[in-house]
Ligand code: SF4
(Lines give C-alpha, C1' and ligand atoms only; values in the text may rest on other atoms or scores of the structure.)
Protein backbone atom coordinates (compact mmCIF):
# COMPACT_ATOMS: atom_id res chain seq x y z
CA UNK A 1 0.00 0.00 0.00
CA UNK A 2 1.55 3.35 -0.92
CA UNK A 3 0.99 6.63 0.97
CA UNK A 4 -1.86 7.74 -1.30
CA UNK A 5 -3.66 4.47 -0.72
CA UNK A 6 -3.18 4.74 3.05
CA UNK A 7 -4.50 8.29 3.00
CA UNK A 8 -7.59 7.23 1.01
CA UNK A 9 -8.12 4.31 3.37
CA UNK A 10 -7.88 6.59 6.42
CA UNK A 11 -10.34 9.04 4.88
CA UNK A 12 -12.80 6.22 4.16
CA UNK A 13 -12.48 4.85 7.70
CA UNK A 14 -12.88 8.32 9.14
CA UNK A 15 -15.99 9.05 7.10
CA UNK A 16 -17.59 5.91 8.54
CA UNK A 17 -17.40 7.55 11.97
CA UNK A 18 -18.27 6.00 15.29
CA UNK A 19 -21.89 5.58 14.30
CA UNK A 20 -20.97 3.60 11.18
CA UNK A 21 -22.99 5.90 8.97
CA UNK A 22 -23.54 4.71 5.44
CA UNK A 23 -23.43 6.55 2.15
CA UNK A 24 -26.71 7.52 0.46
CA UNK A 25 -28.34 4.38 -1.02
CA UNK A 26 -28.47 5.87 -4.52
CA UNK A 27 -24.76 6.60 -4.41
CA UNK A 28 -24.16 3.05 -3.29
CA UNK A 29 -26.19 1.81 -6.27
CA UNK A 30 -24.05 3.97 -8.57
CA UNK A 31 -20.92 2.47 -7.02
CA UNK A 32 -22.30 -1.03 -7.47
CA UNK A 33 -22.90 -0.22 -11.13
CA UNK A 34 -19.33 1.08 -11.46
CA UNK A 35 -17.84 -2.04 -9.87
CA UNK A 36 -20.20 -4.83 -10.94
CA UNK A 37 -21.89 -3.48 -14.08
CA UNK A 38 -25.57 -4.22 -14.71
CA UNK A 39 -25.39 -7.83 -15.83
CA UNK A 40 -26.33 -6.66 -19.31
CA UNK A 41 -24.58 -4.15 -21.51
CA UNK A 42 -22.37 -2.73 -18.75
CA UNK A 43 -19.68 -5.28 -17.95
CA UNK A 44 -17.96 -5.74 -14.61
CA UNK A 45 -15.03 -3.45 -13.88
CA UNK A 46 -11.77 -5.02 -15.12
CA UNK A 47 -10.28 -4.31 -11.67
CA UNK A 48 -12.86 -6.47 -9.86
CA UNK A 49 -11.45 -9.67 -8.31
CA UNK A 50 -13.22 -12.64 -6.68
CA UNK A 51 -12.16 -13.21 -3.10
CA UNK A 52 -9.95 -16.21 -2.45
CA UNK A 53 -10.89 -16.13 1.19
CA UNK A 54 -14.66 -16.24 0.92
CA UNK A 55 -16.68 -17.51 -1.97
CA UNK A 56 -19.11 -15.00 -3.45
CA UNK A 57 -17.23 -11.95 -2.19
CA UNK A 58 -15.39 -9.52 -4.44
CA UNK A 59 -12.74 -6.90 -3.88
CA UNK A 60 -11.02 -4.18 -5.90
CA UNK A 61 -7.72 -5.47 -7.24
CA UNK A 62 -6.34 -2.02 -8.00
CA UNK A 63 -6.76 -0.01 -4.83
CA UNK A 64 -4.18 -2.03 -2.88
CA UNK A 65 -6.39 -2.71 0.15
CA UNK A 66 -6.29 -6.47 -0.41
CA UNK A 67 -8.74 -9.33 0.06
CA UNK A 68 -10.35 -9.16 3.49
CA UNK A 69 -13.75 -8.70 5.10
CA UNK A 70 -13.38 -4.92 5.47
CA UNK A 71 -12.50 -4.45 1.80
CA UNK A 72 -15.08 -6.71 0.17
CA UNK A 73 -17.33 -4.68 -2.05
CA UNK A 74 -20.49 -6.76 -1.70
CA UNK A 75 -22.45 -7.94 1.30
CA UNK A 76 -25.90 -8.18 2.82
CA UNK A 77 -28.05 -5.15 3.78
CA UNK A 78 -26.99 -5.54 7.40
CA UNK A 79 -23.27 -5.70 6.69
CA UNK A 80 -21.09 -2.61 6.44
CA UNK A 81 -19.16 -3.13 3.21
CA UNK A 82 -16.44 -1.01 1.70
CA UNK A 83 -18.97 0.60 -0.66
CA UNK A 84 -20.93 1.89 2.34
CA UNK A 85 -18.23 4.37 3.42
CA UNK A 86 -19.48 7.94 2.87
CA UNK A 87 -16.06 8.94 1.54
CA UNK A 88 -14.51 6.43 -0.84
CA UNK A 89 -11.82 6.60 -3.46
CA UNK A 90 -11.69 4.57 -6.70
CA UNK A 91 -8.46 3.93 -8.67
CA UNK A 92 -10.39 4.48 -11.91
CA UNK A 93 -12.23 7.54 -10.56
CA UNK A 94 -15.60 6.06 -11.41
CA UNK A 95 -19.07 7.59 -10.74
CA UNK A 96 -20.26 7.32 -7.15
CA UNK A 97 -16.76 7.66 -5.69
CA UNK A 98 -15.38 10.74 -3.97
CA UNK A 99 -12.62 11.26 -6.53
CA UNK A 100 -14.88 10.73 -9.55
CA UNK A 101 -13.74 12.40 -12.74
CA UNK A 102 -15.84 12.67 -15.89
CA UNK A 103 -14.88 10.21 -18.65
CA UNK A 104 -12.90 11.58 -21.59
CA UNK A 105 -14.08 10.63 -25.05
CA UNK A 106 -10.51 10.98 -26.35
CA UNK A 107 -9.32 8.23 -23.95
CA UNK A 108 -10.18 4.72 -25.02
CA UNK A 109 -9.87 3.38 -21.45
CA UNK A 110 -12.83 5.58 -20.43
CA UNK A 111 -15.37 3.93 -22.77
CA UNK A 112 -16.93 1.87 -19.95
CA UNK A 113 -17.12 4.95 -17.73
CA UNK A 114 -18.83 6.92 -20.49
CA UNK A 115 -21.33 4.12 -20.97
CA UNK A 116 -22.15 4.25 -17.26
CA UNK A 117 -22.50 8.05 -17.41
CA UNK A 118 -24.94 7.72 -20.32
CA UNK A 119 -26.94 5.16 -18.36
CA UNK A 120 -27.10 7.42 -15.29
CA UNK A 121 -28.22 10.42 -17.36
CA UNK A 122 -27.55 14.14 -17.09
CA UNK A 123 -29.80 14.80 -14.11
CA UNK A 124 -28.00 12.30 -11.88
CA UNK A 125 -24.56 13.38 -13.11
CA UNK A 126 -25.28 16.99 -12.20
CA UNK A 127 -26.07 15.98 -8.65
CA UNK A 128 -22.54 16.05 -7.23
CA UNK A 129 -23.68 14.75 -3.85
CA UNK A 130 -24.78 11.55 -5.56
CA UNK A 131 -21.99 10.94 -8.05
CA UNK A 132 -19.10 12.48 -6.13
CA UNK A 133 -19.84 12.49 -2.40
CA UNK A 134 -17.34 14.56 -0.45
CA UNK A 135 -16.65 15.03 3.20
CA UNK A 136 -18.37 17.84 5.01
CA UNK A 137 -16.17 20.76 6.15
CA UNK A 138 -16.59 19.57 9.72
CA UNK A 139 -15.36 16.06 8.83
CA UNK A 140 -12.42 17.50 6.88
CA UNK A 141 -11.38 19.60 9.90
CA UNK A 142 -11.68 16.60 12.22
CA UNK A 143 -9.67 14.44 9.84
CA UNK A 144 -6.93 17.08 9.48
CA UNK A 145 -6.72 17.34 13.27
CA UNK A 146 -6.56 13.57 13.71
CA UNK A 147 -3.84 13.28 11.05
CA UNK A 148 -1.83 16.07 12.69
CA UNK A 149 -2.06 14.32 16.06
CA UNK A 150 -0.95 11.06 14.49
CA UNK A 151 2.03 12.75 12.83
CA UNK A 152 3.18 14.38 16.04
CA UNK A 153 2.70 11.09 17.93
CA UNK A 154 4.86 9.39 15.31
CA UNK A 155 7.52 12.10 15.50
CA UNK A 156 7.65 11.93 19.28
CA UNK A 157 8.09 8.15 19.24
CA UNK A 158 11.08 8.60 16.92
CA UNK A 159 13.70 6.14 15.67
CA UNK A 160 15.43 3.32 17.64
CA UNK A 161 18.11 5.78 18.84
CA UNK A 162 15.39 8.11 20.20
CA UNK A 163 13.70 5.19 21.93
CA UNK A 164 16.93 4.11 23.66
CA UNK A 165 17.52 7.68 24.86
CA UNK A 166 13.94 7.93 26.12
CA UNK A 167 14.38 4.64 28.01
CA UNK A 168 17.65 5.84 29.62
CA UNK A 169 15.96 9.12 30.52
CA UNK A 170 13.18 7.26 32.36
CA UNK A 171 15.67 5.01 34.13
CA UNK A 172 17.73 7.97 35.38
CA UNK A 173 14.64 9.81 36.61
CA UNK A 174 13.62 6.69 38.52
CA UNK A 175 17.16 6.15 39.89
CA UNK A 176 17.39 9.75 41.16
CA UNK A 177 14.02 9.44 42.77
CA UNK A 178 14.78 6.11 44.41
CA UNK A 179 18.42 6.48 45.40
CA UNK A 180 18.83 10.21 45.95
CA UNK A 181 15.30 11.17 46.79
CA UNK A 182 15.22 13.86 44.07
CA UNK A 183 11.93 14.46 42.29
CA UNK A 184 12.19 15.17 38.52
CA UNK A 185 12.14 18.88 37.78
CA UNK A 186 14.06 20.04 34.76
CA UNK A 187 13.61 23.66 35.78
CA UNK A 188 15.61 22.98 38.94
CA UNK A 189 19.34 23.47 38.14
CA UNK A 190 20.35 20.89 40.79
CA UNK A 191 18.18 18.19 39.30
CA UNK A 192 19.04 19.19 35.73
CA UNK A 193 22.80 19.12 36.28
CA UNK A 194 22.65 15.78 38.08
CA UNK A 195 20.43 14.31 35.37
CA UNK A 196 22.53 15.60 32.46
CA UNK A 197 25.72 14.24 34.02
CA UNK A 198 24.30 10.73 34.27
CA UNK A 199 22.50 10.93 30.94
CA UNK A 200 25.42 12.10 28.81
CA UNK A 201 27.78 9.56 30.43
CA UNK A 202 25.52 6.56 29.86
CA UNK A 203 27.18 4.32 27.20
CA UNK A 204 23.80 3.66 25.53
CA UNK A 205 23.27 7.40 25.06
CA UNK A 206 26.82 7.85 23.77
CA UNK A 207 26.23 5.06 21.23
CA UNK A 208 22.77 6.41 20.25
CA UNK A 209 24.22 9.91 19.70
CA UNK A 210 26.96 8.43 17.58
CA UNK A 211 24.38 6.63 15.42
CA UNK A 212 22.28 9.77 15.09
CA UNK A 213 25.35 11.78 14.02
CA UNK A 214 26.31 9.07 11.51
CA UNK A 215 22.85 9.14 9.99
CA UNK A 216 23.20 12.88 9.49
CA UNK A 217 26.60 12.64 7.85
CA UNK A 218 25.41 9.79 5.64
CA UNK A 219 22.50 12.03 4.72
CA UNK A 220 19.97 9.29 5.21
CA UNK A 221 18.17 11.73 7.43
CA UNK A 222 17.52 9.92 10.71
CA UNK A 223 14.10 10.50 12.21
CA UNK A 224 12.38 13.88 12.23
CA UNK A 225 12.55 14.03 16.03
CA UNK A 226 16.36 13.54 16.03
CA UNK A 227 16.76 16.11 13.27
CA UNK A 228 14.66 18.73 15.09
CA UNK A 229 16.53 18.22 18.37
CA UNK A 230 19.90 18.38 16.67
CA UNK A 231 18.91 21.62 14.91
CA UNK A 232 17.80 23.14 18.22
CA UNK A 233 21.00 22.11 20.01
CA UNK A 234 23.16 23.49 17.17
CA UNK A 235 21.33 26.82 17.31
CA UNK A 236 21.83 27.13 21.08
CA UNK A 237 25.52 26.13 20.86
CA UNK A 238 26.02 28.88 18.28
CA UNK A 239 24.23 31.44 20.46
CA UNK A 240 26.53 30.72 23.43
CA UNK A 241 29.74 30.60 21.37
CA UNK A 242 30.83 34.06 22.53
CA UNK A 243 29.19 34.02 25.96
CA UNK A 244 32.53 33.82 27.78
CA UNK A 245 31.62 30.43 29.25
CA UNK A 246 33.73 27.35 28.61
CA UNK A 247 34.16 23.69 29.57
CA UNK A 248 31.60 22.18 31.95
CA UNK A 249 29.90 25.54 32.58
CA UNK A 250 29.24 26.06 28.86
CA UNK A 251 28.04 22.48 28.47
CA UNK A 252 25.64 22.85 31.42
CA UNK A 253 24.33 26.17 30.13
CA UNK A 254 23.63 24.67 26.71
CA UNK A 255 21.94 21.65 28.29
CA UNK A 256 19.73 23.86 30.50
CA UNK A 257 18.72 26.05 27.59
CA UNK A 258 18.08 23.04 25.37
CA UNK A 259 15.82 21.39 27.98
CA UNK A 260 13.96 24.68 28.50
CA UNK A 261 13.29 25.32 24.81
CA UNK A 262 12.37 21.71 24.14
CA UNK A 263 9.79 21.86 26.94
CA UNK A 264 8.38 25.09 25.52
CA UNK A 265 8.16 23.60 22.02
CA UNK A 266 6.42 20.46 23.32
CA UNK A 267 3.98 22.56 25.34
CA UNK A 268 3.11 24.67 22.29
CA UNK A 269 2.65 21.56 20.15
CA UNK A 270 0.25 19.94 22.58
CA UNK A 271 -1.82 23.12 23.15
S1 SF4 B 1 -11.53 0.29 -9.87
FE2 SF4 B 1 -13.24 1.38 -8.91
S3 SF4 B 1 -15.00 0.63 -9.99
FE4 SF4 B 1 -13.37 -0.82 -10.41
S5 SF4 B 1 -13.57 -2.39 -8.84
FE6 SF4 B 1 -12.14 -0.88 -8.06
S7 SF4 B 1 -13.40 0.51 -6.87
FE8 SF4 B 1 -14.80 -0.66 -8.18
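Values for this structure:
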read-out: Output for segment 20-40, where each listed residue is away from the ligand (no atom under 11 Å from the Cβ) and either touching a helix residue (DSSP H, G or I) at 6+ places or on another chain (Cβ under 7 Å) or not assigned by TED's automatic domain parsing to the domain that holds residue 91 (or both); value: 22, 23, 24, 26, 27, 28
read-out: Residue 101 vs. criteria surrounded by fewer than 16 Cβ atoms within 10 Å (Cβ to Cβ) and either under 20 Å from the mean Cα position of the chain (by Cα) or within 16 Å of the ligand (Cβ to nearest atom) (or both); value: yes
read-out: Top-ranked residue of segment 46-64 - restricted to ones that are in a loop (DSSP other than H, G, I, E, B) and closer than 15 Å to residue 91 by Cβ, ranked as farthest from the ligand (Cβ to nearest atom); value: 64
read-out: Candidate set from segment 67-85 (those that are within 15 Å of the ligand (Cβ to nearest atom) and touching a residue at least 24 places away in the same chain (Cβ under 8 Å)); member that is surrounded by the fewest Cβ atoms within 10 Å (Cβ to Cβ); value: 74
read-out: Selection within segment 104-118 - away from the ligand (no atom under 14 Å from the Cβ) and in contact with a helix residue (DSSP H, G or I) (Cβ under 8 Å, 6 or more places away or on another chain); value: 104, 105
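The values are calculated or read from the model by the stated rules, or taken from the named source; none is laboratory data. All of these numbers come straight from a predicted model, not from anything done at the bench. Here the Cβ is made from the backbone with ideal geometry for all residues, glycine too, and neighbour counts use every protein chain on show.
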